[in-house]
Amino acid sequence: DLMVPLIKHLLLLCFIASAIAAKGRYPVAIFHGINDSCDSEKSQAFVNRFGSTVENYARCIEIGDGYQSSWSLDIYKQSEQACQTLNEDKNFHGEFVVIGISQGSLIGRYIVERCNTIGTVKKFMSLGGPLNGLYKLQCGQSEECQLITYVLENIVNQPELQSVVSVGGFWRDIKDSDSNERVSNFLAELNNEKPNKQESYRERILQLESLIPVSYTHLRAHETGRNLVCRLLLEKKK
């Protein structure tokens, strides 16, 4: 997973700086990234710290068995399970905030755009989310990584095979945009790139109180956390 402790810290600072007026107001649903789980030490530490900082309920929403499911479960099924689990938690039956980390950002967007939530999403933040797709894996040289990369690069354009790995649902061939729009089972629909546009997706995004996407290109190593947050907020206002 691309998530590191520094990025988690920056996520916390950036969100708090932009939503300080909502302190104690909204519960927070967090969706972890690929290659992670809600039971991991880093996820638990982040949720606990975030919950105590905003003085409200914060929960990491687990899908399947966590780590393994984050890779092997169809991203659509992951999103549907997340929607169901969210609705089963009474803490999210009112207004709440969604935070997506890496792949979890796409699940978060599904919650915002497509999930029939009992409550209402007021704020959505994406950190390092592949919101426009992924065309290269940064998962090392393991046999598992090499196999997944081979599958994605060679057979992902066959819709029936996109569910083999979760990344298949948002893999983008940068050399063939028409193919992406035609065969993508998840990302193209979520981005409203299909011929049959869904106006409801756009409307639900526009109803958000805040939408804060943060890409990894924003994260410059020479900047302190405070200066980085200030710059992000200034760029957001432009």
Residue order for K136, K122 - accessible surface, 1.4 angstrom probe, largest first: K136, K122
Cα centroid separation, the stretch 58-89 to the stretch 106-123 (Å): 13 Å
Amide H contacts under 5 Å for V28, placed H, 5+ residues apart: Y57, A58, R59, V97
Furthest towards positive pole of dipole, Y76, S142, T117, structure part the stretch 38-176, Cβ charges: T117
Global form of the stretch 33-113, assessed from the alpha-carbon gyration tensor, a/c cut-off 1.5: oblate
Lys, Arg +1 and Asp, Glu -1 on Cβ, resulting dipole of the stretch 55-136 about Cα centre, debye, nearest 20: 260 debye
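Order 203-215, 57-69 from most to least packed using the mean count of other Cβ atoms within 10 Å. Walk me through the numbers before you get to the answer.
Working: 203-215: 14.7, 57-69: 17.8.
Descending packing order for the listed peptides: 57-69, 203-215.
The values are calculated or read from the model by the stated rules, or taken from the named source; none is laboratory data. These figures come from a predicted structure and were not determined experimentally. Glycine gets a Cβ as well: all are built from the backbone with ideal geometry, and neighbour counts include every protein chain shown. These accessible areas exclude ligands, DNA and RNA; they are computed on the full protein's heavy atoms, side chains included. Shrake-Rupley method; radii C 1.70, N 1.55, O 1.52, S 1.80 Å.
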